[in-house]
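**Student:** Okay, handing you the structure first.
The values are calculated or read from the model by the stated rules, or taken from the named source; none is laboratory data. Small disclaimer: the values here were computed from a predicted structure and weren't measured. Every residue, glycine among them, receives a Cβ derived from its backbone with ideal geometry; neighbour counts consider all protein chains shown.
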Amino acid sequence: MSAVRGKVVEGGRIIVPAAFRQSLGLSKGDTVFMELHGDELRIRPARSALRRIQAKLRAYAPAEGLVSDELIADRREEVGCE
């Protein structure tokens, strides 16, 4: 998508063009993250940041099952519940 010209309006609000909102899947009330990179302002949906974090942490997750299930089983084993 190409760059478009915009304005900062009252209260410091920036209007995001409809085509950009649609492309990012943004709706009224959605949470976004904003970052300054030099003289650029980058805005992205919060869900994309969550996906990045999940992808980074996936390498630490067990291949099967939930970590919580493993912890519960370990604790039960320690106290002799199983």
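**Student:** Could you please find all residues in region 1-22 being within 22 Å of the chain's Cα centre (by Cα) and surrounded by 10 or more Cβ atoms within 10 Å (Cβ to Cβ)?
**Tutor:** I14, I15, V16, P17, A19, F20, R21, Q22
**Student:** So, in region 37-51, of the ones that are surrounded by fewer than 13 Cβ atoms within 10 Å (Cβ to Cβ) and among the aliphatic types (A, V, I, L, M), which residue ends up modelled with the highest pLDDT?
**Tutor:** L41
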